[in-house]
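The values are calculated or read from the model by the stated rules, or taken from the named source; none is laboratory data. Since this is a predicted model, take the numbers as computed values, not measurements. Heads up, the Cβs are rebuilt from the backbone with ideal geometry, glycines too, and the neighbour counts pull from every protein chain shown. Just the protein is used for accessible areas: all its heavy atoms, side chains included, with ligands, DNA and RNA removed. Shrake-Rupley method; radii C 1.70, N 1.55, O 1.52, S 1.80 Å.
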Amino acid sequence: MNLLLRPVTVALCALLLAVAAFAAERPPNIVLIMADDFGFECVTANGGQSYQTPHLDRLASQGMRLTNHHHCQNCAPTRSALLSGQYGARTGTYTVGSIERFNWQTRPLRPVDNVTKLSLDRDTFANQLKAAGYATAMFGKWHLGGTPDYHPSKRGFDEAIESEGRHFDFETKPKT
């Protein structure tokens, strides 16, 4: 019987690794990559043949791979569950943004309200790693609160560059 790894299991595994590593001379590095629109089969190490992923393959060969984790339908609920160690539904984050992002009034049922900020009373995976002596960083989309109080730097990350999912055109020069 296949058991699904849940965010709580992932967090516990990482914490167990951290505890075991502190018994050793040097703790292991922990690199968690969460990529949107990038499936399990996209990595060559997972049997994918559509893309060449030598750097990801090297990381996979040198570390622990958690290959049976299935969670939410898109990025924000997955990130919310993973960072808080909770099941997705407990976070209240079901999608990106509020239900006002689309014309829900034309649908037969009203969607459930969506939480757009990871509650400040939730401890995060990053806080736990920081407490264990790790330096933490987060780069990329956040979608768990766009105000200063909810910024990743306030949620356990020492370094954080987040985009809230906005795309930036680096080729465009500012007009003077």
Checklist entry - Is there a residue in region 4-24 that is open to solvent by 40 Å² or more (accessible area, probe 1.4 Å), under 24 Å from Tyr87 (Cα atoms), in a loop (DSSP other than H, G, I, E, B) and modelled with pLDDT of 75 or more? => result no
Next on the checklist: Residues to consider are Arg122, Arg101; find the one that is within 25 Å of Ala35 (Cβ to Cβ), in contact with a helix residue (DSSP H, G or I) (Cβ under 6 Å, 6 or more places away or on another chain) and not aliphatic (A, V, I, L, M).
Outcome noted: Arg122
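So that you can scan it fast, the table gives a plain yes or no per residue for (1) modelled with pLDDT under 85; (2) farther than 30 Å from Ala131 by Cα:
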{"residue": "Pro28", "(1), (2)": "no, no"}
{"residue": "Met34", "(1), (2)": "yes, no"}
{"residue": "Phe38", "(1), (2)": "yes, yes"}
{"residue": "Leu59", "(1), (2)": "no, no"}
